[in-house]
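J.: My structure is below; once you've seen it, I'll send some questions.
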Amino acid sequence: MTAAPLAGQTVAVFGGSSGIGLATAEAAQALGAKVTIASRTEARLREAALRIGGAEIAALDIREADAVRRFFDEREPFHHVVVSAAELAVGPLRKRSLDEERAAFDSKFWGAANVAHAARIREDGSLTLVSGMIGVRPTGGATILSAINAAIDALAKALATEMAPVRVNCVSPGRIETPWWDFMPADERQALFDRTASNLPLKRIGRPQEIAAQIVHLMQNGFMTGSVVLVDGGGAL
């Protein structure tokens with residue numbers, strides 16, 4: 001099978017200033033796409049755009065439905081839209097406040113829903129969401145995030161029928177080394193990565209570029225829709 005090139009196509013990446021989103025923007029741009037990256041902080045967006053080698057930037061909060069709608073209303077329909085944005089802090093449900101847990105749902109689930117509600121995507125294009133492996137293997141160490149990820153998996157499948165012929169898919173990563181983990185002291189973070197790696201068949205955690213490669217593949221493969229693709233180093237096993 002030969003995948004279609006991205007040359008001349010337009011790609012919007014929500015959460016494109018760091019981590020998986022930035023890696024996706026880089027990969028799409030390298031394949032010839034015209035990329036727009038969106039996130040909350042303009043300074044980080046400018047740094048990311050320089051790293052990519054030039055991209056349109058849009059500073060907005062994905063939790064604000066009106067801001068997301070204006071983003072799409074002001075632009076021509078995109079070929080591909082990716083949602084990897086989320087502002088999260090995780091832990092056991094009973095050790096966190098419900099306000100914090102609602103905020104997590106607002107960011108990751110409702111942020112994705114806001115984009116899906118407003119997105120203007122060409123009929124031959126795609127929407128790709130990003131969930132997480134703990135949606136299929138829940139953990140009490142991140143109870144609400146487990147539920148959020150499972151909800152995003154279901155959202156992608158339902159949207160694939162609602163938004164057809166636009167293709168809608170979801171990538172479900174395992175533990176990935178991204179700046180999201182920078183809230184932890186370096187030694188604790190490395191210890192977590194090492195413990196995770198020791199339990200995986202591949203004996204290492206993932207890289208953002210490996211998730212980005214799968215997202216780009218979903219953009220290119222015109223016969224994939226309604227799929228939830230695990231890219232987890234065997235973590236779900």
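The values are calculated or read from the model by the stated rules, or taken from the named source; none is laboratory data. Everything numeric here is computed off the predicted structure, so don't read it as measured data. FYI the Cβ positions are ideal-geometry reconstructions off the backbone, even for glycines, and counts take in every protein chain you see. When the accessible area is computed, the model is the full protein with side chains, heavy atoms only, and any ligands, DNA or RNA have been set aside. Shrake-Rupley method; radii C 1.70, N 1.55, O 1.52, S 1.80 Å.
J.: Could you list, in sequence order, all residues of the range 120-177 that are open to solvent by 10 Å² or more (accessible area, probe 1.4 Å), among the hydroxyl-bearing types (Ser, Thr, Tyr) and free of Cβ contacts under 8 Å to residues at least 40 places away in the same chain?
T.: 139
J.: Residue under question is residue 101, and the condition is that it be part of a loop (DSSP other than H, G, I, E, B), among the acidic types (Asp, Glu) and in contact with a helix residue (DSSP H, G or I) (Cβ under 7 Å, 6 or more places away or on another chain); does it hold? First the steps, then the outcome.
T.: On the way: part of a loop (DSSP other than H, G, I, E, B): no; among the acidic types (Asp, Glu): yes; in contact with a helix residue (DSSP H, G or I) (Cβ under 7 Å, 6 or more places away or on another chain): yes.
Criteria not met by residue 101.
J.: Given 146, 172, which one is of a type in the set (S, T, N, Q), farther than 25 Å from residue 76 by Cβ, out of contact with any His (no Cβ under 8 Å at 6 or more places or on another chain) and assigned to a strand (DSSP E or B)?
T.: Details: 146 fails: assigned to a strand (DSSP E or B).
When all the criteria are applied, what remains is 172.
J.: If you take the residues of the range 199-224 that are among the aliphatic types (A, V, I, L, M) and closer than 23 Å to residue 123 by Cβ, which of them is most open to solvent (accessible area, probe 1.4 Å)? Show your work before the answer.
T.: Residues of the range 199-224 among the aliphatic types (A, V, I, L, M): 200, 202, 205, 211-213, 215-216, 218-219, 224.
Now drop any that are not closer than 23 Å to residue 123 by Cβ, which leaves 215-216, 218-219, 224.
Details: 215: 0, 216: 8, 218: 0, 219: 7, 224: 41 Å².
If we take residues in the range 199-224 being among the aliphatic types (A, V, I, L, M) and closer than 23 Å to residue 123 by Cβ, then 224 is most open to solvent (accessible area, probe 1.4 Å).
J.: On to the next question. Which residues, counting only those in the range 17-69, are in contact with a Lys or Arg (Cβ under 6 Å, 6 or more places away or on another chain) and closer than 26 Å to residue 231 by Cβ?
T.: If we filter the range 17-69 for residues that are in contact with a Lys or Arg (Cβ under 6 Å, 6 or more places away or on another chain), which is where we start, we get 17, 61.
Once the filter is applied, which keeps residues that are in contact with a Lys or Arg (Cβ under 6 Å, 6 or more places away or on another chain) and closer than 26 Å to residue 231 by Cβ, the range 17-69 yields only 17.
J.: Moving on to the next point. What is the residue count in the range 43-54 for residues that are in contact with a strand residue (DSSP E or B) (Cβ under 6 Å, 6 or more places away or on another chain) and modelled with pLDDT under 95?
T.: 0
J.: Could you tell me whether the range 75-82 includes any residue that is at pLDDT 95 or above, out of contact with any Phe, Trp or Tyr (no Cβ under 7 Å at 6 or more places or on another chain), in a helix (DSSP H, G or I) and open to solvent by 10 Å² or more (accessible area, probe 1.4 Å)?
T.: So far as the range 75-82 goes, no, none of its residues is at pLDDT 95 or above, out of contact with any Phe, Trp or Tyr (no Cβ under 7 Å at 6 or more places or on another chain), in a helix (DSSP H, G or I) and open to solvent by 10 Å² or more (accessible area, probe 1.4 Å).
J.: Looking at the range 18-39, which of its residues are modelled with pLDDT of 95 or more, over 15 Å from residue 78 (Cα atoms) and not aliphatic (A, V, I, L, M)?
T.: 21, 24, 26, 39 - these are the residues of the range 18-39 that are modelled with pLDDT of 95 or more, over 15 Å from residue 78 (Cα atoms) and not aliphatic (A, V, I, L, M).
J.: Among the listed residues 164, 156, 197, 191, which satisfies the condition of being farther than 14 Å from residue 89 by Cα, in a helix (DSSP H, G or I), at pLDDT 95 or above and of a type in the set (Gly, Ala, Ser)? Lay out the reasoning, then the answer.
T.: On the way: 164 fails: in a helix (DSSP H, G or I); 197 fails: at pLDDT 95 or above; 191 fails: at pLDDT 95 or above.
Step by step, each of 164, 156, 197, 191 is checked, and only 156 is farther than 14 Å from residue 89 by Cα, in a helix (DSSP H, G or I), at pLDDT 95 or above and of a type in the set (Gly, Ala, Ser).
J.: Quick check: is even one residue across the range 30-41 surrounded by 21 or more Cβ atoms within 10 Å (Cβ to Cβ) and in a helix (DSSP H, G or I)? Show your work before the answer.
T.: Initially, the range 30-41 is screened for residues surrounded by 21 or more Cβ atoms within 10 Å (Cβ to Cβ), giving 33, 35-39.
Those still in the list that are in a helix (DSSP H, G or I) too: none.
No: the range 30-41 contains no residue that is surrounded by 21 or more Cβ atoms within 10 Å (Cβ to Cβ) and in a helix (DSSP H, G or I).
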